[in-house]
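Take a look at this one; I'll ask things after.
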Amino acid sequence: MKNLRGSALIYFVLLFLLVFLTACAEGTVSDSESAESEEGTQEEGANAGEEEDVDVTTGEGTPVTIGYSGPLSGPAAYYGENTLSGLELAAKEINEEGGFEIDGEKYEIDLKVLDDQYLPDETGSNAKRLVQEDDASIIYSPHSGGIYAMQVFNEDMDFLIAAYTSEPGVTDNDNSLTMRIPPRYDGYIEPFTEYEMDRFGDKIAFLPTSTQYGKDWAEMLKPVWEEKGGEIVYETSIDFNKETDFFTILSNALQNDPDVMFVGGPSEPTAKVIKQAREQGFEGGFIVMDQAKLDEMAAVYDGEYDIFEGSVGVLPLRESDFPGTDQFIETYQSEYDKMPGSEAGFHYVSLYILVEAMKAAGTVEDTGAIRDHIEDGIHALPEEKQVYTIGGIDDWGGFTSEYRLGVVEDGTVEEIVIEE
């Protein structure tokens with residue numbers, strides 16, 4: 001009996017040790033997997049604040065730092081790259097053409113580019129870095145959240161914001177050192193509404209991007225849609241930083257039988273929203289926020305517009321006929337092997353305008369004087385550089401230009417022109 005009891009005791013001790021060692025091994029694997037997961041998360045966010053190499057200087061003139069903070073990684077990277085490409089092309093041309101001269105001194109553009117992953121806090125941090133480390137007096141941002149973040153301190157730190165956003169609020173807040181580049185989006189809302197109501201009906205589902213820009217767009221569209229007799233039958237927003245499949249959101253919207261959907265955000269994910277809506281049987285129209293571009297959405301699906309039938313948005317650059325449009329498209333395609341969009345076109349024009357403004361102001365450092373001479377820069381812009389024709393700059397700092405709408409009818413884009 002003693003031998004049996006002893007054997008049993010040894011058995012249980014060995015069993016306990018086996019279980020304990022197994023648990024320790026499993027715990028070690030779990031810790032390792034957790035560490036890999038954390039490392040992956042850190043790597044995914046590591047691009048924020050990283051500098052892009054876009055050196056276009058020739059060394060033949062005194063460098064003038066122009067800063068840029070935009071989304072060059074993450075879900076809006078395609079959008080950020082499009083904005084930066086126009087700026088880069090203009091800087092390269094200006095420098096290769098000998099730069100520009102003020103009071104006998106030769107200058108050239110030195111682009112300093114930082115990634116902010118579409119995050120306003122990162123934009124603010126990048127701007128401070130660009131001013132403090134690179135002495136930037138002008139900083140570009142292609143999203144309203146980042147622009148608002150910089151407007152908190154740009155006057156105190158003395159730098160001019162080149163704002164690529166149609167958000168009206170960025171020039172309605174009396175910031176003396178902000179220049180808004182594209183037309184305000186509130187000029188699109190009424191004609192967008194009238195077109196969609198006339199063609200499809202008065203019931204709309206709201207599915208815009210969840211950014212502040214998307215929220216502001218929605219808040220302006222709602223009263224116009226309802227004042228014209230329309231009904232909002234469904235309302236949500238899409239976080240393109242988190243959502244990649246929109247099936248459930250669209251299913252919920254379609255249960256309310258909308259005639260029209262209001263969508264928008266970066267072009268590529270917006271195109272996917274529309275495609276999935278069609279796959280679920282939606283046959284109505286789309287109001288497309290001006291951030292998404294019809295031609296860029298079509299490019300996601302081999303350049304075909306069929307699934308975008310009934311959409312209204314801003315007119316693609318390739319459909320425009322300004323004095324410098326054709327030459328710009330040819331040069332851009334040669335440089336980047338793709339068709340440029342309005343983001344590239346507007347950034348290209350704006351840098352040429354800023355150079356002319358600096359020449360008229362007689363300074364590359366006095367931001368107030370440069371801002372005061374932007375009107376002069378607009379009027380001095382050579383015709384061959386007018387990818388867009390800018391009429392002037394209003395009292396609040398926004399470029400004035402025509403509103404040109406693009407509507408998809410029978411698989412092609414048709415133009416509608418409305419004066420601002």
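Which residues' amide hydrogens lie under 5 Å from the amide hydrogen of G264, considering only partners 5 or more residues apart or on another chain, with H built in the peptide plane?
T209, M289
Within region 155-178, what residues put their amide N at less than 17 Å from the label point 7 Å along the Cα-to-Cβ vector of K128?
Answer for region 155-178: 155-159.
Could you work out the relative contact order of the chain? I mean the mean sequence separation of Cα pairs under 8 Å and 6+ apart, divided by the number of residues, in percent.
After rounding, I find 14 percent.
Compute the angle between helix 212-227 and the longest alpha-carbon principal axis of the chain, please, reported from 0 to 90 degrees and rounded to the nearest 10.
70 degrees
Using label points projected 7 Å from each Cα along Cα→Cβ, tell me how many nm separate V224 and E194, to one decimal.
Label-label distance for V224 and E194, simple model: 1.1 nm.
Of A253, M220, S141, which is farthest along the charge dipole of the chain in the positive direction, counting Lys and Arg as +1 and Asp and Glu as -1 at C-beta?
A253
With springs only between Cα atoms under 10 Å, which of G98, G345, G264 fluctuates most in a Gaussian network model of the chain?
G98
Could you do me a favour and compute the accessible area per residue for region 211-292, 1.4 Å probe, result in Å²?
It amounts to 43 Å² per residue over region 211-292.
Can you give the accessible area of T412 in Å² (nearest 10), computed on protein heavy atoms with a 1.4 Å probe?
Around 70 Å² of this residue is reachable by solvent.
Please give the residues of region 165-188, grouped as numeric ranges, whose backbone N is less than 19 Å from a label point set 7 Å along the Cα-to-Cβ vector of E235.
Hits in region 165-188 for E235 at 19 Å: 186.
Now for a separate question. Nearest 10 degrees, 0 to 90: what angle lies between the long axis of helix 325-336 and the longest principal axis of the chain (Cα atoms)?
40 degrees
Would you calculate the separation in nanometres between label points at D394 and T57, each defined as 7 Å from the Cα along the Cα-to-beta-carbon direction?
3.8 nm
While we're looking at this one, here's another question. For region 54-133, what is the accessible area per residue in Å², given a 1.4 Å probe and the full set of protein chains?
Here the per-residue accessible area is 38 Å².
What's the angle, to the nearest 10 degrees (0 to 90), between helix 267-279's Cα axis and the longest principal axis of the chain?
70 degrees
Provide the solvent-accessible area of F200, counting protein heavy atoms only and rolling a 1.4 Å probe, rounded to the nearest 10 Å².
60 Å²
What are the radius of gyration and Dmax of the chain, computed over its Cα atoms and given in Å?
Expressed in Å, the Cα Rg and Dmax of the chain come to 26.6, 110.
Same structure, new question: Give me the percent of accessible area attributable to carbon and sulfur for the chain, probe 1.4 angstrom.
46 percent
The values are calculated or read from the model by the stated rules, or taken from the named source; none is laboratory data. All values reported here derive from a predicted model rather than from experimental measurement. Every residue, glycine as well, gets a Cβ built from its backbone with ideal geometry; the counts of neighbours run over all protein chains shown. Calculation scope for accessible area: heavy atoms of the full protein, side chains included, ligands and nucleic acids excluded. Shrake-Rupley method; radii C 1.70, N 1.55, O 1.52, S 1.80 Å.
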